[in-house]
Amino acid sequence: MDQNFTLMAQSRANYYTAGSPVQFVRVELLKGDVTGEVAVCLTFKNVGTEPLTGLVIHFKCKDAAGQVLCEDDFYYENLNAQPGDLFGSDDAVFVSDTPVSSVETEQDRAFLNGRGVDLRGYKRVRLPQPRVLPGSIAKTLQARTGNPQLTCVPQDTEYGWFCACGAFHPNEEAAAACSECGGDRAFIKASLTSILEEARRAAEQQQREINAVAGMQQPAAPAAPADPAAATAAAAQAAIAADEPEPEEEPTAQFDPSQATNAEMARVQRYAPNGRLFDDEEDEDDGGTRMFDTDEEDEDDYEEERPAKRRGRYADDEEESEDDIMAERIIRWAPPITAIVCALIVAVSLIYYFVIA
């Protein structure tokens with residue numbers, strides 16, 4: 001049953017087989033318009049210097065879950081692929097009614113002019129992903145070169161070069177033109193360089209215009225005073241202001257006299273908040289406790305104030321207060337009373353031990 005196949009997806013090879021005369025180029029998935037089956041087609045390229053007459057490969061197809069759908073060898077026979085030619089895109093290596101997610105290939109043998117060459121000893125080298133051009137630059141490059149397939153950045157690697165269409169050309173190929181899109185390597189690079197240079201100049205011109213507009217909108221700087229005398233007066237005023245003392249800083253914490261439990265301690269904290277003693281101006285006539293700053297009061301004033309009555313811990317040693325009298329009585333009578341009490345305790349203990357017990 002004849003049916004047409006339409007391209008569903010394609011992916012380029014992400015590796016390069018160093019030294020091999022045959023390179024794997026891409027895999028394509030084609031869908032039949034009648035049965036809906038998916039055909040897997042592989043494309044290879046002859047990068048050697050001799051015609052290729054046959055190729056044997058090993059492939060493995062997997063679904064989205066990683067399950068192997070098919071694994072087998074495939075023979076490309078009766079080929080006449082000249083150096084630089086592509087082949088294999090018209091031969092389906094596997095047809096499945098289950099969607100294929102990935103395809104792995106391994107080259108086995110090649111036949112160059114009927115001579116068999118073992119390809120299993122060539123090492124694979126992973127290739128970087130082609131870098132995609134910005135949309136506007138890609139369109140300009142396509143229009144300038146007349147090639148609608150140019151969407152990537154052409155770049156050189158140690159193993160070969162990437163065309164702007166994304167195709168990789170190994171050093172073994174020694175090609176000056178892309179075998180897939182037909183674009184000339186040197187012309188594509190020169191065209192892209194010219195486009196990027198024009199874009200750079202346009203961006204610089206736009207930036208200059210933006211800077212010019214921004215400079216016109218900035219307010220003018222204040223003009224310097226024209227009168228030298230005024231400038232001198234302003235400088236002198238600034239110097240005077242600099243010599244003026246700065247206001248004292250507020251204390252970081254202050255004591256609240258109402259928080260004290262002792263009345264005299266509250267008075268001490270109120271009159272000496274920073275460890276200094278100040279004159280009690282409010283209590284000069286009430287006969288209360290007076291405190292003096294020894295740095296400010298002279299000795300004559302101190303002698304005049306001595307007759308004033310003082311109480312508590314601030315009283316003079318020459319005068320006795322009621323507290324002092326009570327303390328003397330306690331000191332005098334405490335030892336004999338303590339001795340009498342101890343004697344009574346001993347006597348009671350002896351009586352209890354010898355008489356009652």
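The values are calculated or read from the model by the stated rules, or taken from the named source; none is laboratory data. Keep in mind the model is a prediction, meaning the values are calculated, not measured. Every residue, glycine among them, receives a Cβ derived from its backbone with ideal geometry; neighbour counts consider all protein chains shown. Keep in mind that these areas ignore ligands, DNA and RNA; they rest on the heavy atoms of the full protein, side chains included. Shrake-Rupley method; radii C 1.70, N 1.55, O 1.52, S 1.80 Å.
Summed over region 159-212, residues that are open to solvent by less than 80 Å² (accessible area, probe 1.4 Å), small (Gly, Ala, Ser) and either without any contact (Cβ under 8 Å) to a residue 40 or more places away in the chain or assigned to a helix (DSSP H, G or I) (or both) total 13. Using the structure shown, decide if residue 140 is farther than 27 Å from residue 55 by Cα and among the β-branched types (Val, Ile, Thr). Against the criterion (farther than 27 Å from residue 55 by Cα and among the β-branched types (Val, Ile, Thr)), residue 140 qualifies. Select from region 141-156 the residues that are crowded, with 17+ Cβ neighbours inside 10 Å and either at positive phi or more than 42 Å from the chain's Cα centre (by Cα) (or both) and list them in ascending order. Within region 141-156, 145, 147 meet the criteria. Entry remark, region 25-84: residues being under 16 Å from residue 116 (Cα atoms), free of Cβ contacts under 8 Å to residues at least 24 places away in the same chain and in a loop (DSSP other than H, G, I, E, B) number 1 in total. Listed conditions (1) over 21 Å from residue 4 (Cβ atoms); (2) open to solvent by less than 60 Å² (accessible area, probe 1.4 Å) are all met by residue 32, apart from (1).
Of the residues making up region 129-152, none is at pLDDT below 95 and closer than 30 Å to residue 77 by Cβ. Scanning region 129-138 finds no residues that are open to solvent by 30 Å² or more (accessible area, probe 1.4 Å), more than 28 Å from residue 150 (Cβ to Cβ) and out of contact with any helix residue (DSSP H, G or I) (no Cβ under 8 Å at 6 or more places or on another chain). For region 35-84, the candidate set comprises residues that are over 18 Å from residue 106 (Cβ atoms) and β-branched (Val, Ile, Thr); within that set, the residue that is most open to solvent (accessible area, probe 1.4 Å) is 49.
Quick check on residue 203: is it small (Gly, Ala, Ser), within 35 Å of the chain's Cα centre (by Cα) and more than 26 Å from residue 60 (Cβ to Cβ)? Yes, satisfied. Within region 100-120, the set of residues being under 23 Å from residue 15 (Cβ atoms), modelled with pLDDT under 90 and in a loop (DSSP other than H, G, I, E, B) comprises 100, 101.
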